[in-house]
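The values are calculated or read from the model by the stated rules, or taken from the named source; none is laboratory data. Model, not experiment: these values are computed from the prediction. Note that we place each Cβ from the backbone using ideal geometry, even for glycine, and neighbour counts take in every protein chain shown.
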């Protein structure tokens, strides 16, 4: 039995330089990553490290102050 897998050449989700501030406080700063189809990504960190802020920005619940998000090759931010 032969199992073929193909690796996509472009990421499904591309995040570059995502930054969110709350006045003088930093929610997350300069977050960048690529997520390819079939990959699993974990977001880990200490309490207050910006995990929820990052996910809120990715979901569109909050607007980041800086950065770019593209999904399936289309800019969404």
*Provide a single number: the residues in the stretch 33-55 that are over 15 Å from residue 10 (Cβ atoms) and free of Cβ contacts under 8 Å to residues at least 24 places away in the same chain.*
13
*So residue 58 fits all but one of (1) touching a helix residue (DSSP H, G or I) at 6+ places or on another chain (Cβ under 8 Å); (2) crowded, with 17+ Cβ neighbours inside 10 Å; what number is the exception?*
(1)
_Matching residues, the stretch 67-77, being in contact with a strand residue (DSSP E or B) (Cβ under 9 Å, 6 or more places away or on another chain) and either surrounded by 10 or more Cβ atoms within 10 Å (Cβ to Cβ) or free of Cβ contacts under 8 Å to residues at least 24 places away in the same chain (or both)_ = 67, 68, 69, 70, 71, 72, 75, 76, 77
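When you check residue 64 against the structure, is it surrounded by 10 or more Cβ atoms within 10 Å (Cβ to Cβ), in a loop (DSSP other than H, G, I, E, B) and within 12 Å of the chain's Cα centre (by Cα), yes or no?
yes
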*Count - residues of the stretch 3-44 that are modelled with pLDDT of 95 or more, assigned to a loop (DSSP other than H, G, I, E, B) and surrounded by 11 or more Cβ atoms within 10 Å (Cβ to Cβ)*: 6
